[in-house]
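The values are calculated or read from the model by the stated rules, or taken from the named source; none is laboratory data. Computed from a predicted model, the values in this text were never measured in an experiment. For the accessible areas, the whole protein counts, side chains as well, though only heavy atoms, and no ligand, DNA or RNA atoms are used. Shrake-Rupley method; radii C 1.70, N 1.55, O 1.52, S 1.80 Å.
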Amino acid sequence: MSSMGITSIFLAMQGAVSQGVLWGIMTLGVFLTFRILNIADMTCDGSFALGGSTCAVLVVGGMDPYLALLLAFFVGVVAGAVTGFLHTKLKIQELLAGILTMTALYSVNIRIMGRSNTPLIGADTIISKLRGCFQNIGASLSPNVAALILGLLFCIVIVICLYWFCGTEIGSSLRATGNNEKMVRAMGVDTDKMKILGLMLSNGLIALSGGLVAQSQGYGDVGMGTGTLVIGLASIVLGEAIFGKIGKKLPFWFTLISIILGSVVYRIVIAVVLQLGLKSSDLKLLTAVIITIALAIPILKKIFTKGFSKKNSSGGNQ
């Protein structure tokens, strides 16, 4: 491989790491519903784009980019509340409730932007603000590095907040609801409220991630959330497969960190494969293969371990 090819792969990996950290916040949101509440919430495909669309419109309108991110978080919370209401109060199956909200959000996002795409050319974003701060002290900062720094800061704060929240009485009730809903309900906990709370918090984080990604890539798009759930699941499975063995011996905060690392690994794999010549149209196939392999790792380990132990026992008998 030529030096130019190696350089292009390195640059692609640098961008993949920064994007992986920003998308890692979305993965944390998917983790809350998929692993803690045992709900495959399809709302995330719409709430991710909702956060990006809202943030893009507000930033273009002159609002402070950090305040725009806060509002993006709250509109995501509202989207999660809608799904929670459909599921718990109208008794619509959780997967269908998420699909209904996701479908509605497509039209809502177009209404918010007034079109399918809102560029942030010339607008003041969190990336440009950070780069401007470094320029004031005579230092240069690339967009990828700026996105990485901001992504890490956001991830650290969110992991600390989630770790603290899950240790509270409400957070413990939320986690218990996903483990054994009937037992928690017998103890007097309103599991419907716990589900709504979990969906609100999850979609708030997903919308926040959408706002960060929109400011990082320079535009908000109505289709930017397509496949968000699959990407989140791939990142979760990768994180658990690679770091899960270690995570069993460490506290809950490491599990949260492993989810973010899984998102980074997923982005790196995608970036490297694209640089090696894979067509972008094959990404969904690649994602499906990655998830399948990651899910199959525990089974493959068992098969390999059994085969190895049988081989040793037969060898010992001889």
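Excluding ligands, DNA and RNA, the accessible surface per residue across region 176-267 is 39 Å² with a 1.4 Å probe. For the set W23, W253, W164, solvent exposure ranked by accessible area (probe 1.4 Å, protein chains only) runs largest to smallest as W164, W253, W23. Structural descriptor for the chain: relative contact order 35 percent, calculated from alpha carbon pairs under 8 angstrom and at least 6 residues apart. Within the accessible area of region 30-72, the carbon and sulfur atoms contribute 68%, probe 1.4 Å, all protein chains present. Residues Y106, Y219 ordered from highest to lowest accessible area at a 1.4 Å probe: Y106, Y219. Over region 179-265, what is the relative contact order in percent, taking alpha-carbon pairs closer than 8 angstrom and at least six residues apart? The normalised contact order for region 179-265 reaches 23 percent.
When only alpha carbons are used to place a centre, region 255-274 and region 19-88 end up 20 Å from one another.
The length gained by stretching the chain between R35 and K89 to full extension, at 0.36 nm per residue less their Cα-Cα distance, is 17.2 nm. Which shape class applies to the chain: rounded if a/c is under 1.5, otherwise prolate when a/b exceeds b/c and oblate if not, where a ≥ b ≥ c are the square roots of the Cα gyration tensor eigenvalues? It comes out oblate by the Cα gyration axes. These residues, I293, I92, I137, go from largest to smallest accessible area, 1.4 Å probe, as I137, I293, I92. Only helices reaching 24 angstrom along their own axis (Cα) with mean Kyte-Doolittle hydropathy no lower than 1.0 count here, and for the DSSP H runs of the chain these are 3-31, 43-60, 65-88, 94-113, 143-166, 228-247, 252-275. Each residue was assigned an accessible area with a 1.4 Å probe, and for E94 the value is about 50 Å².
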